[in-house]
Amino acid sequence: MKIGVVREIKADEYRVALTPAGAHELAGGGHEVLVETGAGEGSAFPDSAYAAVGARLTDADGVWSRAELLLKVKEPLPAEYPRLRQGLVLFTYLHLAASEELTRALAASGAACIAYETVETDGHGLPLLAPMSEIAGRLAAQAGAYFLEKPLGGRGLLLGGVAGVAPGKVVVIGGGIVGYNAAVIAAGLGASVSILERSVDRMRHLEEILSGRVSLLMSSALQVEESVATADVVIGAVLIPGAIAPKLITREMVSGMKDGSVLCDVAIDQGGCAETSRPTTHSEPVYSVDGVTHYCVANMPGAVPITSTKALTNVTLPYVEAIADLGLAGAVSRDPALARGVNVLDGQITYEAVAEAHGLDYRPLTELLPTAAA
Ligand SMILES: NC(=O)c1ccc[n+]([C@@H]2O[C@H](COP(=O)([O-])OP(=O)(O)OC[C@H]3O[C@@H](n4cnc5c(N)ncnc54)[C@H](O)[C@@H]3O)[C@@H](O)[C@H]2O)c1
């Protein structure tokens, strides 16, 4: 199969959808890999690294027009819509429920569109989202420690303390992938860490894997209020799948927080879990409300494209190989997780939540591809 990789044109996006190592695997499997010149630069992969493993470097027109399977990181932007066409398989993050315009453009193009974020295992795992949550959680602990520094508007506290001086206190709300990773890094820095969770099963699991290094507390309105009042860093990491984040931290609770403390609201991409949170960017990551530094960057993994690109491509490559080796129909017949990733096929919306979000007709994938795994 001809597999194309284009340079991302979205502002501040430095990731690329395939590493030279991935290109090497695909070329070794007998596929033709077309990479747009400069596509890997933002992630420190020069063109020469792709050329060395047998990929062909060309311009954007060359990749889009010749590829049968096109790999991207972000959704196509309007400038890219005219390049989509019948017969093309597009594999990328799409987040279609958030954009009717993009959903209609993809359907009108006739391309088959698979969304990374809806590839879902039988156990409800989201394997192509998980690495970004791991990175965001780890970055949140780092950002918390950094913005506690006095010249940056923080309390002026070293999160880990030193011998004879108590460490800072980190409260993580939500003990999923983000929360676990934030807690591990904060504990590693020497902070005193608690996780507030509402799933007892999840807390039992965390207890086991964290071996007592972190306190685990049942999340309730009262517990949140008490915990944030004494915290130096609060990390918001809750998720209710498919819903906007619950506002667990009220404006009053924020006013009651310590002056110069830091609130990292990682859940900001789902609206945030504090009433005072609003999205920020890497160029202006923080703002202050009642003396509390708010860090609410909506695309945190974008800060570390080298790590994010490698982590993303580690998990996408097996799916790319399956599509390349078996074709889309063959790959989705064999793998129900990949079948759940197909959002648009032959002009039809094949992902129910996306169709519902925009009041469009929904066609189950199995109606269009009868062999697809249900
Ligand atoms: N800002 C970014 O760049 C970025 C990057 C990755 C993920 N995220 C976001 O981070 C959030 C967390 O993602 P995740 O992958 O860790 O999700 P996850 O599903 O693994 O974990 C969420 C956890 O929140 C818990 N929870 C739900 N309601 C709660 C409550 N009231 N109190 C305490 N805990 C509660 C759940 O039990 C679950 O364990 C999501 O909103 C995700 O979109 C943001």
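Taking one quarter of the surface of the C-alpha convex hull of the chain gives a mean projected area of 19.3 nm².
Dividing the alpha-carbon Rg of segment 1-70 by 2.2 N^0.38 Å yields what? Write down the numbers at each step before the final one.
On the way: Rg = 10.9 Å, N = 70, 2.2 N^0.38 = 11.1 Å.
After normalising by residue count via 2.2 N^0.38 Å, the value is 0.98.
Residues whose amide H falls under 5 Å from that of Gly175, counting only those 5 or more places apart or on a different chain, are Arg198, with hydrogens built in the peptide plane.
Computed over segment 122-163, the Cα gyration tensor eigenvalues convert (square root of 5λ each) into semi-axes of 32, 11, 6 Å, ordered from largest to smallest.
For Asp12 and Ala229, compute 0.36 nm times the residue count separating them, minus their Cα-Cα distance, and round to one decimal in nm. Present the calculation step by step, with values, prior to reporting the outcome.
Numbers: separation 217, 0.36 × 217 = 78.12 nm, distance 3.50 nm.
Length gained between Asp12 and Ala229: 74.6 nm.
To the nearest 500 deg cm²/dmol, what mean residue ellipticity at 222 nm is calculated for the chain from DSSP H runs of n ≥ 4 alone, each contributing -39,500 (n - 2.57), summed and divided by the residues? If you can, show how the numbers build up before the last one.
On the way: 13 runs with 132 residues, N = 374.
The per-residue figure over the chain is -10500 deg cm²/dmol.
Once the chain from Ala221 to Glu275 is taken as fully extended at 0.36 nm per residue, the excess over their C-alpha distance is 18.1 nm. Among the listed pairs Lys10/Lys169; Lys150/Lys247; Lys74/Lys150; Lys247/Lys310; Lys72/Lys247; Lys74/Lys258, a Cα-Cα separation exceeding 30 Å is found for Lys10/Lys169; Lys74/Lys150; Lys247/Lys310; Lys72/Lys247; Lys74/Lys258.
Screening the chain for whole DSSP H helices with an alpha carbon extent of at least 27 angstrom along the helix axis and a mean Kyte-Doolittle hydropathy of at least -0.5 yields 305-334. For the chain, the relative contact order is 16 percent, taking Cα pairs closer than 8 Å that sit 6 or more residues apart in sequence and dividing their mean separation by the residue count. Within the listed set Val254, Val354, Val289, the Gaussian network model of the chain (springs between alpha-carbon atoms below 10 Å) gives the highest mean-square fluctuation for Val289.
Counted by Cβ distance under 12 Å from Ala355, the other residues give a net charge of -2, where Lys and Arg count +1 and Asp and Glu count -1.
Extension gain Thr37-Glu101, at 0.36 nm per residue separation less the Cα-Cα distance, in nm? It would help to have the intermediate numbers written out before the result.
Working: separation 64, 0.36 × 64 = 23.04 nm, distance 2.88 nm.
Length gained between Thr37 and Glu101: 20.2 nm.
Work out the charge dipole of segment 8-123 with +1 on the Cβ of Lys and Arg and -1 on the Cβ of Asp and Glu about the Cα centre, then indicate which of Val63, Thr92, Leu18 is farthest towards its positive end. Going by the Cα projections, it comes out as Val63.
For an R0 of 22 angstrom, estimate the FRET efficiency from the Cβ-Cβ distance between Glu367 and Asp122 and round to the nearest 0.05.
Working: r = 21 Å, r/R0 = 0.97.
That pair, Glu367 with Asp122, gives E of 0.55.
The value obtained for segment 289-366, namely the Cα convex hull volume divided by the number of residues, is 149 Å³ per residue. For segment 237-349, averaging the sequence separation of C-alpha pairs within contact (under 8 Å, six or more residues apart) and dividing by the residue count gives a relative contact order of 19 percent.
Could you size up the charge dipole of the chain around its Cα centre, putting +1 on the beta carbon of Lys and Arg and -1 on that of Asp and Glu, and report it in debye to the nearest 20?
On the way: 27 positive and 42 negative charges, 106 e Å.
Computed charge dipole of the chain: roughly 500 debye.
Just so you know, all these numbers are worked out from the coordinates, no wet-lab data involved. Note that the structure is predicted; figures quoted are calculated from it, not measured. Methodologically, a virtual Cβ is constructed for each residue, glycine included, from the backbone with ideal geometry; neighbour enumeration extends over all protein chains shown.
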